[in-house]
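Quick notes on the structure that follows.
The values are calculated or read from the model by the stated rules, or taken from the named source; none is laboratory data. These figures come from a predicted structure and were not determined experimentally. Note that each Cβ is placed from the backbone with ideal geometry, even for glycine, and that neighbours are counted across all protein chains shown.
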Amino acid sequence: MQAIWNLATYTEERMSIASNLEQIRNQIADACAKAGRSHSDVALMAVSKMHPSAAMIEAYAAGQRLFGENRVQETQSKLNDLSSFADLDLHLIGPLQNNKTSKAAEIFQAVDTLDSRKTAERLNAAAASQGKILPVLVEVKLSHEESKHGLPPEDLPAFLADTQSFQHIEVRGLMTVPPWSEDPEAARPYFQKLRQLRNESQPQYPSLVELSMGMSNDFRVAIEEGSTAVRIGTAIFGKRVAASH
(Lines give C-alpha, C1' and ligand atoms only; values in the text may rest on other atoms or scores of the structure.)
Protein backbone atom coordinates (compact mmCIF):
# COMPACT_ATOMS: atom_id res chain seq x y z
CA MET A 1 0.00 0.00 0.00
CA GLN A 2 2.87 2.36 0.74
CA ALA A 3 4.16 2.07 -2.83
CA ILE A 4 0.68 2.86 -4.22
CA TRP A 5 0.42 5.98 -2.07
CA ASN A 6 3.86 7.12 -3.18
CA LEU A 7 2.97 6.48 -6.81
CA ALA A 8 -0.11 8.69 -6.65
CA THR A 9 1.85 11.46 -4.93
CA TYR A 10 4.70 11.17 -7.42
CA THR A 11 2.57 11.34 -10.53
CA GLU A 12 0.61 14.35 -9.34
CA GLU A 13 3.77 16.40 -9.72
CA ARG A 14 5.02 15.02 -13.04
CA MET A 15 3.82 14.23 -16.51
CA SER A 16 2.78 10.63 -16.95
CA ILE A 17 5.80 8.37 -16.99
CA ALA A 18 3.88 6.06 -19.32
CA SER A 19 3.36 8.83 -21.87
CA ASN A 20 7.00 9.88 -21.56
CA LEU A 21 8.07 6.30 -22.26
CA GLU A 22 5.83 6.13 -25.31
CA GLN A 23 7.35 9.34 -26.68
CA ILE A 24 10.90 8.11 -26.11
CA ARG A 25 10.17 4.75 -27.72
CA ASN A 26 8.75 6.53 -30.76
CA GLN A 27 11.80 8.78 -30.95
CA ILE A 28 14.12 5.78 -30.73
CA ALA A 29 12.19 4.04 -33.50
CA ASP A 30 12.40 7.20 -35.63
CA ALA A 31 16.14 7.56 -35.03
CA CYS A 32 16.69 3.91 -35.90
CA ALA A 33 14.68 4.26 -39.11
CA LYS A 34 16.72 7.29 -40.17
CA ALA A 35 19.95 5.42 -39.39
CA GLY A 36 18.79 2.38 -41.35
CA ARG A 37 18.59 0.21 -38.24
CA SER A 38 15.85 -1.90 -36.69
CA HIS A 39 14.37 -0.41 -33.53
CA SER A 40 14.75 -3.86 -31.94
CA ASP A 41 18.53 -3.39 -32.11
CA VAL A 42 18.45 -0.60 -29.51
CA ALA A 43 17.39 -1.26 -25.92
CA LEU A 44 15.86 1.49 -23.83
CA MET A 45 17.24 1.63 -20.30
CA ALA A 46 15.19 3.72 -17.89
CA VAL A 47 17.66 5.40 -15.53
CA SER A 48 15.82 5.33 -12.23
CA LYS A 49 18.64 6.39 -9.94
CA MET A 50 17.54 8.98 -7.38
CA HIS A 51 13.90 8.33 -8.22
CA PRO A 52 11.58 6.43 -5.88
CA SER A 53 10.49 2.87 -6.43
CA ALA A 54 7.01 4.27 -7.12
CA ALA A 55 8.31 5.77 -10.35
CA MET A 56 9.82 2.44 -11.36
CA ILE A 57 6.49 0.73 -10.67
CA GLU A 58 4.71 3.12 -13.02
CA ALA A 59 7.32 2.55 -15.70
CA TYR A 60 7.02 -1.21 -15.22
CA ALA A 61 3.24 -0.96 -15.64
CA ALA A 62 3.92 0.77 -18.96
CA GLY A 63 5.99 -2.17 -20.16
CA GLN A 64 9.49 -1.07 -19.13
CA ARG A 65 11.72 -3.85 -17.83
CA LEU A 66 15.30 -2.57 -18.15
CA PHE A 67 16.38 -0.11 -15.46
CA GLY A 68 19.70 1.54 -14.60
CA GLU A 69 20.65 2.25 -11.00
CA ASN A 70 23.67 4.14 -9.74
CA ARG A 71 24.27 2.88 -6.20
CA VAL A 72 24.07 -0.55 -4.63
CA GLN A 73 22.64 0.72 -1.34
CA GLU A 74 19.97 2.88 -2.98
CA THR A 75 18.83 0.00 -5.16
CA GLN A 76 18.73 -2.35 -2.21
CA SER A 77 16.41 0.06 -0.40
CA LYS A 78 13.90 -0.21 -3.27
CA LEU A 79 13.84 -3.98 -3.60
CA ASN A 80 11.03 -4.67 -1.13
CA ASP A 81 8.66 -2.58 -3.25
CA LEU A 82 9.85 -4.34 -6.41
CA SER A 83 10.02 -7.91 -5.13
CA SER A 84 6.94 -9.10 -7.05
CA PHE A 85 8.43 -8.14 -10.44
CA ALA A 86 10.39 -11.27 -11.32
CA ASP A 87 11.36 -10.11 -14.82
CA LEU A 88 12.84 -6.78 -13.72
CA ASP A 89 16.24 -6.27 -15.40
CA LEU A 90 18.37 -4.14 -13.07
CA HIS A 91 21.76 -2.90 -14.25
CA LEU A 92 24.35 -1.08 -12.18
CA ILE A 93 25.46 1.98 -14.16
CA GLY A 94 27.39 3.77 -11.42
CA PRO A 95 30.90 3.11 -10.11
CA LEU A 96 31.22 -0.17 -8.23
CA GLN A 97 33.18 -0.04 -5.00
CA ASN A 98 35.17 -3.17 -4.20
CA ASN A 99 33.38 -3.63 -0.88
CA LYS A 100 30.01 -3.70 -2.68
CA THR A 101 30.77 -6.42 -5.22
CA SER A 102 29.06 -9.23 -3.29
CA LYS A 103 25.81 -7.33 -2.93
CA ALA A 104 26.00 -6.08 -6.53
CA ALA A 105 26.33 -9.65 -7.82
CA GLU A 106 23.31 -10.58 -5.74
CA ILE A 107 20.84 -7.84 -6.67
CA PHE A 108 21.79 -6.80 -10.23
CA GLN A 109 21.30 -8.72 -13.45
CA ALA A 110 24.31 -6.96 -15.00
CA VAL A 111 27.08 -4.51 -14.13
CA ASP A 112 27.77 -1.94 -16.85
CA THR A 113 30.71 -0.10 -15.26
CA LEU A 114 33.58 -2.55 -14.86
CA ASP A 115 36.90 -0.71 -15.07
CA SER A 116 39.58 -2.49 -13.00
CA ARG A 117 41.05 -5.97 -12.65
CA LYS A 118 40.63 -5.90 -8.88
CA THR A 119 36.91 -5.22 -9.20
CA ALA A 120 36.64 -7.86 -11.92
CA GLU A 121 38.28 -10.44 -9.65
CA ARG A 122 35.99 -9.64 -6.75
CA LEU A 123 32.89 -9.53 -8.94
CA ASN A 124 33.80 -12.88 -10.49
CA ALA A 125 34.18 -14.44 -7.05
CA ALA A 126 30.89 -12.91 -5.90
CA ALA A 127 29.05 -14.18 -8.97
CA ALA A 128 30.57 -17.63 -8.43
CA SER A 129 29.21 -17.67 -4.89
CA GLN A 130 25.78 -16.85 -6.32
CA GLY A 131 26.10 -19.65 -8.87
CA LYS A 132 25.62 -17.29 -11.78
CA ILE A 133 27.42 -15.83 -14.78
CA LEU A 134 27.08 -12.06 -14.62
CA PRO A 135 27.04 -10.02 -17.84
CA VAL A 136 29.26 -6.94 -17.63
CA LEU A 137 30.25 -3.97 -19.75
CA VAL A 138 33.64 -2.28 -19.58
CA GLU A 139 33.35 1.43 -18.92
CA VAL A 140 35.87 3.34 -21.02
CA LYS A 141 36.90 6.87 -20.10
CA LEU A 142 37.22 8.85 -23.32
CA SER A 143 37.13 12.37 -21.85
CA HIS A 144 39.60 14.20 -19.62
CA GLU A 145 37.00 15.16 -17.03
CA GLU A 146 38.09 14.17 -13.53
CA SER A 147 34.48 13.41 -12.60
CA LYS A 148 34.24 10.68 -15.23
CA HIS A 149 35.08 7.07 -14.44
CA GLY A 150 36.36 4.30 -16.63
CA LEU A 151 39.30 2.43 -18.06
CA PRO A 152 41.75 4.41 -20.23
CA PRO A 153 41.28 3.26 -23.83
CA GLU A 154 44.93 2.28 -24.14
CA ASP A 155 44.45 -0.22 -21.29
CA LEU A 156 41.46 -1.94 -22.89
CA PRO A 157 43.30 -4.71 -24.81
CA ALA A 158 45.19 -5.92 -21.74
CA PHE A 159 42.07 -5.69 -19.59
CA LEU A 160 40.01 -7.73 -22.01
CA ALA A 161 42.74 -10.36 -22.10
CA ASP A 162 42.74 -10.48 -18.29
CA THR A 163 38.99 -11.01 -18.08
CA GLN A 164 39.19 -14.21 -20.13
CA SER A 165 40.40 -16.08 -17.07
CA PHE A 166 37.18 -15.31 -15.16
CA GLN A 167 34.47 -17.94 -15.47
CA HIS A 168 31.60 -16.08 -13.79
CA ILE A 169 31.60 -12.72 -15.57
CA GLU A 170 31.00 -12.30 -19.27
CA VAL A 171 32.14 -9.10 -20.97
CA ARG A 172 29.36 -8.22 -23.39
CA GLY A 173 30.50 -4.80 -24.60
CA LEU A 174 31.60 -1.27 -23.80
CA MET A 175 30.06 1.77 -22.16
CA THR A 176 31.04 5.44 -22.02
CA VAL A 177 29.75 8.79 -20.77
CA PRO A 178 30.86 11.76 -22.89
CA PRO A 179 31.27 15.26 -21.45
CA TRP A 180 27.97 17.09 -21.02
CA SER A 181 27.04 19.51 -23.78
CA GLU A 182 23.81 21.14 -24.87
CA ASP A 183 24.84 20.30 -28.43
CA PRO A 184 24.22 16.59 -29.10
CA GLU A 185 26.77 16.66 -31.92
CA ALA A 186 29.54 17.30 -29.38
CA ALA A 187 29.13 13.71 -28.19
CA ARG A 188 29.57 12.16 -31.65
CA PRO A 189 33.40 11.81 -31.59
CA TYR A 190 33.18 9.95 -28.27
CA PHE A 191 30.55 7.57 -29.62
CA GLN A 192 32.60 7.01 -32.76
CA LYS A 193 35.69 6.22 -30.68
CA LEU A 194 33.84 3.71 -28.51
CA ARG A 195 32.48 1.96 -31.60
CA GLN A 196 35.99 1.86 -33.05
CA LEU A 197 37.35 0.28 -29.86
CA ARG A 198 34.58 -2.33 -29.90
CA ASN A 199 35.11 -3.12 -33.58
CA GLU A 200 38.87 -3.49 -33.13
CA SER A 201 38.41 -5.89 -30.21
CA GLN A 202 35.48 -7.91 -31.51
CA PRO A 203 37.39 -10.28 -33.82
CA GLN A 204 39.33 -11.59 -30.82
CA TYR A 205 36.39 -11.34 -28.40
CA PRO A 206 33.18 -12.21 -30.31
CA SER A 207 30.96 -11.71 -27.25
CA LEU A 208 31.84 -8.01 -27.32
CA VAL A 209 28.71 -6.79 -29.11
CA GLU A 210 27.09 -4.16 -26.91
CA LEU A 211 27.64 -0.39 -27.02
CA SER A 212 25.90 1.39 -24.15
CA MET A 213 25.99 5.06 -25.07
CA GLY A 214 23.58 7.94 -25.41
CA MET A 215 21.39 9.72 -22.87
CA SER A 216 18.35 12.00 -22.91
CA ASN A 217 20.06 14.82 -24.79
CA ASP A 218 22.15 12.88 -27.32
CA PHE A 219 20.64 9.43 -27.84
CA ARG A 220 19.73 10.12 -31.47
CA VAL A 221 23.39 10.74 -32.29
CA ALA A 222 24.36 7.64 -30.30
CA ILE A 223 21.94 5.51 -32.32
CA GLU A 224 23.43 6.86 -35.55
CA GLU A 225 26.84 5.77 -34.27
CA GLY A 226 25.79 2.25 -33.38
CA SER A 227 24.51 2.32 -29.81
CA THR A 228 22.77 -0.87 -28.71
CA ALA A 229 21.42 0.61 -25.45
CA VAL A 230 20.49 4.19 -24.60
CA ARG A 231 20.25 5.34 -20.99
CA ILE A 232 17.32 7.72 -20.51
CA GLY A 233 16.47 9.25 -17.15
CA THR A 234 15.26 12.84 -17.19
CA ALA A 235 13.11 12.46 -20.30
CA ILE A 236 11.23 9.61 -18.61
CA PHE A 237 11.14 10.46 -14.92
CA GLY A 238 11.75 14.23 -14.86
CA LYS A 239 14.30 15.89 -12.63
CA ARG A 240 15.95 13.73 -10.03
CA VAL A 241 14.76 13.71 -6.48
CA ALA A 242 15.93 11.92 -3.39
CA ALA A 243 14.81 8.33 -3.82
CA SER A 244 12.44 6.88 -1.27
CA HIS A 245 10.57 3.58 -1.16
query = When both residues are 6+ apart or on different chains and their Cβ atoms are under 7 Å apart, which pairs have a first residue that lies in the stretch 222-245 and is modelled with pLDDT under 80, and a second that is outside any loop (DSSP other than H, G, I, E, B) and among the hydroxyl-bearing types (Ser, Thr, Tyr)?
reply = His245/Ser53; His245/Ser77
task = Please verify whether the stretch 87-97 includes one or more residues that are touching a Gly at 6+ places or on another chain (Cβ under 7 Å), in a loop (DSSP other than H, G, I, E, B) and in contact (Cβ under 8 Å) with a residue 12 or more places away in the chain.
result = yes
message = I need the full set of residues from the stretch 98-115 which are surrounded by 15 or more Cβ atoms within 10 Å (Cβ to Cβ) and more than 19 Å from Ser48 (Cβ to Cβ), in order please.
response = Thr101, Ser102, Ala105, Leu114, Asp115
request  = Please find, within the stretch 171-205, the residue that is modelled with the lowest pLDDT out of those that are polar (S, T, N, Q), more than 19 Å from the chain's Cα centre (by Cα) and assigned to a loop (DSSP other than H, G, I, E, B).
outcome  = Ser181
message = Considering only residues that are within 30 Å of Ser40 (Cβ to Cβ) and either without any contact (Cβ under 8 Å) to a residue 60 or more places away in the chain or small (Gly, Ala, Ser) (or both), which ones fall in the stretch 67-86?
response = Phe67, Gly68, Glu69, Asn70, Thr75, Leu79, Leu82, Ser83, Ser84, Phe85, Ala86
remark   = Considering the stretch 51-97, residues that are surrounded by fewer than 17 Cβ atoms within 10 Å (Cβ to Cβ) and acidic (Asp, Glu), and then whichever is farthest from Leu123 (Cα to Cα), we arrive at Asp87
ask   = Do you know which of the residues in the stretch 154-210 that are over 25 Å from Gln109 (Cα atoms) and aliphatic (A, V, I, L, M) is surrounded by the most Cβ atoms within 10 Å (Cβ to Cβ)?
value = Ala187
key: Positions within the stretch 25-62 being closer than 25 Å to Val209 by Cα and not in a helix (DSSP H, G or I), in sequence order   = Ala35, Gly36, Arg37, Ser38, Val42, Ala43, Leu44, Met45, Ala46, Val47, Ser48
request  = Please state which of the following conditions Thr113 fails to meet, knowing it meets all the rest: (1) in a strand (DSSP E or B); (2) more than 30 Å from Glu22 (Cβ to Cβ); (3) not hydrophobic (A, V, I, L, M, F, W, C).
outcome  = (2)
request  = Report whether or not Thr75 is in a helix (DSSP H, G or I) and closer than 18 Å to Glu170 by Cα.
outcome  = no
ask   = List, please: which pairs have Cβ atoms under 6 Å, are six or more places apart or on different chains, and start with a residue in the stretch 181-206 that is within 30 Å of Asp162 (Cβ to Cβ) and end with one that is of a type in the set (Gly, Ala, Ser)?
value = Phe191/Ala222; Arg195/Gly226
